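Remarks on the structure that follows.
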Amino acid sequence: MHGFSYNNGSLFCEDVSLSALAAQHGTPLYVYSARTILDHFTRLDSALAEIDHEVAFAVKANSNLSVLRLLASHGAGFDIVSGGELFRVIKAGGDPAHCTFAGVGKTREEIIYALEQGIYSFNVESEEELRYLNEVAGELGVVAPVAVRVNPNVDAKTHKYISTGKSENKFGVDFGAITDLYDRASKELPHIKLRGLQMHIGSQLTSIAPFIEAVEKVTPLVKELKEKHGIEFWSIGGGIGIIYKESLASGSVDWWEIQPEAERPLTIERYGKELVPRLKDLGLKILLEPGRLIVGNAGLLITKCLYEKKGSAKTFKIVDAGMNDLIRPALYEGHHEIVPLTEPSSSERFKVDVVGPICESGDFFCQDRELPDFQPGDHVALMSAGAYGFVMASNYNSRPLPAEILVNGATATVVRKRQTLDDLIEGEI
């Protein structure tokens with residue numbers, strides 16, 4: 001579900017008018033629906049109720065403190081990829097003992113900080129990292145809990161920039177090398193505790209088949225590691241995709257419920273139905289690391305149309321948000337639905353490019369797309385921007401970062417203030 005729908009001709013987030021938020025707080029403006037975030041989290045948690053599990057939110061998807069606090073208060077664990085993300089989780093009230101630390105390039109300072117805070121496990125990406133982790137833990141006189149990330153060489157058939165489970169990707173250890181690595185580690189690395197095994201095959205997967213393939217391929221390995229080394233958990237990663245091409249007409253109804261059966265994408269409920277029977281007899285805690293699934297469709301970016309530029313080849317709608325605010329279209333060729341805050345009175349559509357003010361040809365949100373007409377001064381929303389939106393924003397072209405709003409029912413709270421020009425140069429000499 002999502003928390004966005006038209007109400008008397010005006011687009012709302014839950015019970016709050018987005019036009020009113022734009023008028024009060026300016027644009028560009030990120031807006032998140034707390035109701036949607038919790039709906040996705042609790043449905044996933046419930047789908048796995050038959051097994052011992054923990055849903056560890058991938059902080060990289062959206063690291064706003066209020067979003068993290070909302071999830072922590074409802075029992076979420078956290079998947080982190082930096083010391084800074086661990087710091088954020090702690091500041092938001094999250095428990096380090098429910099944090100797993102992934103990433104191929106952990107620094108000494110990050111390792112020490114995570115050990116001092118008592119995280120649940122390091123997800124180790126190479127033998128070199130495992131040995132260095134043992135060295136640092138030994139210097140501190142502690143034992144580091146670890147899970148090696150196995151690369152199952154499963155093609156998730158997703159965008160090449162977000163594929164992580166093939167042998168050519170930089171992540172994880174080759175499937176065939178895991179058993180020997182665990183054997184050597186148990187004998188040679190006294191400051192390492194082999195707590196689990198981790199895998200993650202990619203992001204934005206909308207089919208259940210790659211998940212089933214990976215789980216079935218890795219299950220015999222998990223059983224062997226449990227028997228030989230007593231591992232206690234298996235992290236099966238995240239990667240469940242969302243619907244970016246979503247109709248607002250469905251309102252709070254799940255988009256797939258109004259689609260023909262053959263066109264329905266992977267749902268939370270089907271994910272649980274297919275995987276729980278394959279996992280429940282292992283006798284291990286199962287960790288999941290969803291990010292986009294939880295927050296992607298829970299957020300949008302409001303932007304204002306500045307100019308309409310009609311050329312001989314194209315019509316451009318120039319808006320005040322740019323690729324520095326939302327880089328997915330430029331980086332991933334990511335699709336975001338673009339809808340006016342005022343419900344169109346006509347079904348007529350016009351082919352346009354929606355572009356931003358950044359001095360780059362790649363600064364666009366769509367090209368040659370049929371959209372309802374909107375004019376300079378009108379506001380539109382870039383939908384499904386709750387994941388990998390603000391977290392990837394930058395100050396390119398010396399543009400201040402936008403504000404963020406969290407809506408809960410009829411209450412809208414500023415959870416990040418808009419940067420000022422003075423903020424841009426803070427820390428510079």
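Residues that are outside any helix (DSSP H, G or I), under 30 Å from LEU221 (Cα atoms) and touching a Phe, Trp or Tyr at 6+ places or on another chain (Cβ under 9 Å) occur in region 291-304; there is at least one. Of the residues examined, SER33 is one that is over 24 Å from ALA147 (Cα atoms), at pLDDT 95 or above and surrounded by 18 or more Cβ atoms within 10 Å (Cβ to Cβ).
Taken across region 89-106, residues that are in contact with a strand residue (DSSP E or B) (Cβ under 6 Å, 6 or more places away or on another chain), more than 25 Å from LEU301 (Cα to Cα) and of a type in the set (Ser, Thr, Tyr) do occur, with at least one present. The strands (runs of 3 or more DSSP E) found entirely in region 307-385 that carry 2 or more residues being touching a residue at least 40 places away in the same chain (Cβ under 8 Å) are 315-319, 338-340, 364-371, 379-382.
Scanning region 339-358 for residues that are under 18 Å from LYS314 (Cα atoms) and exposed (fewer than 11 other Cβ atoms within 10 Å of the Cβ) yields a count of 1. Filtered by the rule that a residue be part of a loop (DSSP other than H, G, I, E, B) and under 13 Å from PRO402 (Cα atoms), region 1-30 gives GLY26, THR27, PRO28. Scanning region 386-416 for residues that are part of a loop (DSSP other than H, G, I, E, B) and touching a helix residue (DSSP H, G or I) at 6+ places or on another chain (Cβ under 9 Å) gives GLY386, ALA387, TYR388, GLY389, ASN395, ARG399, PRO400, LEU401, PRO402, GLY409.
Among the residues of region 232-242, the ones that are part of a loop (DSSP other than H, G, I, E, B) and out of contact with any Gly (no Cβ under 9 Å at 6 or more places or on another chain) come to 1 in all.
Only a single criterion out of (1) buried (at least 23 other Cβ atoms within 10 Å of the Cβ); (2) of a type outside the set (D, E, K, R); (3) farther than 25 Å from THR179 by Cα; (4) touching a His at 6+ places or on another chain (Cβ under 9 Å) is not satisfied by LEU140, namely (1).
If the condition is being more than 24 Å from the chain's Cα centre (by Cα) and within 13 Å of LEU301 (Cα to Cα), then region 320-354 contributes ASP320, PRO340, LEU341.
Yes/no matrix, rows are residues, columns are (1) of a type outside the set (Val, Ile, Thr); (2) without any contact (Cβ under 8 Å) to a residue 24 or more places away in the chain; (3) buried (at least 19 other Cβ atoms within 10 Å of the Cβ):
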| position | (1), (2), (3) |
| --- | --- |
| LEU68 | yes, no, yes |
| HIS74 | yes, no, no |
| ASP79 | yes, no, yes |
| ALA92 | yes, no, yes |
| ASP95 | yes, yes, no |
| ILE112 | no, no, no |
| ILE119 | no, no, yes |
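Look at LEU197 and say whether it is out of contact with any Cys (no Cβ under 9 Å at 6 or more places or on another chain), part of a strand (DSSP E or B), touching a residue at least 12 places away in the same chain (Cβ under 8 Å) and assigned by TED's automatic domain parsing to the domain that holds GLU139. So LEU197 passes the test. Residues of region 200-231 that are buried (at least 16 other Cβ atoms within 10 Å of the Cβ), at pLDDT 95 or above and part of a loop (DSSP other than H, G, I, E, B): ILE231 alone.
With respect to LEU326, is the statement that it is in contact with a strand residue (DSSP E or B) (Cβ under 6 Å, 6 or more places away or on another chain), of a type in the set (A, V, I, L, M) and not assigned by TED's automatic domain parsing to the domain that holds MET199 true? Talk me through it step by step, then tell me what you get.
Numbers: in contact with a strand residue (DSSP E or B) (Cβ under 6 Å, 6 or more places away or on another chain): yes; of a type in the set (A, V, I, L, M): yes; not assigned by TED's automatic domain parsing to the domain that holds MET199: yes.
Yes; evaluated as a whole, the condition is true for this residue.
Elements of the type helices (runs of 4 or more DSSP H) sitting completely within region 65-157 and holding at least 2 residues that are within 30 Å of SER33 (Cα to Cα) and modelled with pLDDT of 95 or more: these cover 65-72, 83-91.
The values are calculated or read from the model by the stated rules, or taken from the named source; none is laboratory data. In this text, all values refer to a predicted model and were calculated from it rather than measured experimentally. Neighbour counts run over all protein chains shown; Cβ positions are idealised from the backbone, glycine included.
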